[in-house]
Amino acid sequence: MSGAADREAVFPTRQSLGLMKAKLKGAETGHNLLKRKSEALTKRFREITKRIDEAKRKMGRVMQIAAFSLAEVTYAVGGDIGYQVQESAKSARFRIRTKQDNVSGVLLPAFESYLTEGNNDFGLTGLGKGGQQVQRCRETYARAVEALVELASLQTAFVILDEVIKVVNRRVNAIEHVIIPRTENTIKYINSELDELDPAADAEMKAKREAQAAQGAKSQSEDTGPSDILAAADEEDVIF
Amino acid sequence: MASHADFKDRQFLAVIGDEDSVTGLLLAGIGHVTTGADAQKNFLVVDNKTDNAAIESAFESFTEERKDIGIVLINQHVADRIRHRIDSYTAAFPTVLEIPSKDHPYDPEKDSVLRRVRRLFGE
């Protein structure tokens, strides 16, 4: 990838020189824009990774509290409610929807949780005893799931951003290390070829011009000749 | 990205975990059983007797076959049993989230996403 070998196959004409110059300019503009995009995305990416780290730790605590409230339920109800709960689950009350967030042209989906109205699968759970605990446990777990949903959106954004940043950086590098040097090489090549052609043409023109100039000078000297001769003759007259 | 088109209908969470985690999350109201002849649950209870193939097939059905699931929650100790599947799963949708369980405290070192974070920042 070194030297004049890496260039585009073009004829060294003024037209292609113009094209190459336009291409170089376009590549530089594109490079700047992409670089800025990559920086904006990376900034967002770092924010997200930091928040993921925090959210994961928070999740650990929240799930611990939730597990404890479930233990309370088990104690209050006086038996395992797992089977009953699993059997009576029919339709999800807690659902998610996705909305989109636009970061420098990249669509980042974010989850949002919502509760559907008027369906309660576990109306009978804890009816005998421990109803309050069951209710509290449900609220605790609902909060935990909300935290999980938030974390999931962060994680999705992380995965997508990771991919997009890789693509953008690859493009930036390709422009910086392949396209721009190659275009510059091509411009250099065209310039050198044009320079080689130009001196030949220039020399021809110069020779022509010089020949013309020499001819002009000669005729001029012929015009002024007689007066000089006269002057000389005058002097000769004085001596004579 | 192809996944952008279809994530609008992803409205459920799925869970693979031990009995307590599943019970708790179902109490929160995420449980859903599809109506129709082949009723599909969006949760799987894993205990010592569940073999890894069953976990893997559930994971695959939640992540690949079903198009209505947006988030897959999986207990970390369960995820450890099919770690190779989790680590090789890189799609954005549905999101796979490792959660702690009552008996197994959360270990950030094992989390596939956090490990990726670490690798990216060269720690």
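Tabulated data
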quantity: Residues located in the range A:160-211, provided they are out of contact with any helix residue (DSSP H, G or I) (no Cβ under 8 Å at 6 or more places or on another chain) and under 29 Å from residue A:41 (Cα atoms); calculated: A:160, A:163, A:166, A:167, A:170, A:173, A:174, A:177, A:178, A:181, A:182
quantity: Single residue of the range A:54-80 satisfying the filter (among the small types (Gly, Ala, Ser) and within 11 Å of chain B (Cβ to nearest Cβ)) that is farthest from residue A:157 (Cα to Cα); calculated: A:71
quantity: Any hit, the range B:99-119, residues being aromatic (Phe, Trp, Tyr) and within 24 Å of residue A:98 (Cβ to Cβ); calculated: no
quantity: Residue in the range B:114-122 that is within 26 Å of residue A:92 (Cβ to Cβ) and open to solvent by less than 40 Å² (accessible area, probe 1.4 Å) present; calculated: no
quantity: Residue within the range A:106-114 that is part of a helix (DSSP H, G or I) and of a type in the set (A, V, I, L, M) present; calculated: no
quantity: Selected residue (criterion: most open to solvent (accessible area, probe 1.4 Å)) from residues of the range B:13-68 that are hydroxyl-bearing (Ser, Thr, Tyr) and more than 10 Å from chain A (Cβ to nearest Cβ); calculated: B:57
quantity: Filter result for residue B:93 (among the aromatic types (Phe, Trp, Tyr), without any contact (Cβ under 8 Å) to a residue 60 or more places away in the chain and open to solvent by less than 20 Å² (accessible area, probe 1.4 Å)); calculated: no
quantity: Residue in the range A:36-53 that is part of a helix (DSSP H, G or I), over 24 Å from residue A:115 (Cβ atoms), over 38 Å from the mean Cα position of the chain (by Cα) and within 9 Å of chain B (Cβ to nearest Cβ) present; calculated: no
quantity: Some residue of the range B:41-55 being of a type in the set (Val, Ile, Thr) and within 11 Å of the chain's Cα centre (by Cα); calculated: yes
quantity: Tabulated pairs, the range A:161-180, first buried (at least 17 other Cβ atoms within 10 Å of the Cβ) and charged (D, E, K, R), second in a helix (DSSP H, G or I) and at pLDDT below 90, C-beta under 9 angstrom, 6+ apart or interchain; calculated: A:162/A:45; A:162/B:116; A:162/B:120
quantity: Residue in the range A:114-131 that is under 37 Å from the mean Cα position of the chain (by Cα) and at pLDDT below 85 present; calculated: yes
quantity: Residues that are among the hydrophobic types (A, V, I, L, M, F, W, C) and farther than 19 Å from residue B:96 by Cα, drawn from the range B:29-47; calculated: B:33, B:37, B:39
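The values are calculated or read from the model by the stated rules, or taken from the named source; none is laboratory data. The shown structure was predicted, so the numbers you read here are calculated from the model rather than taken from an experiment. Neighbour counts run over all protein chains shown; Cβ positions are idealised from the backbone, glycine included. Each accessible area value is taken on the protein alone, full model and side chains, heavy atoms only, with ligands, DNA and RNA left out. Shrake-Rupley method; radii C 1.70, N 1.55, O 1.52, S 1.80 Å.
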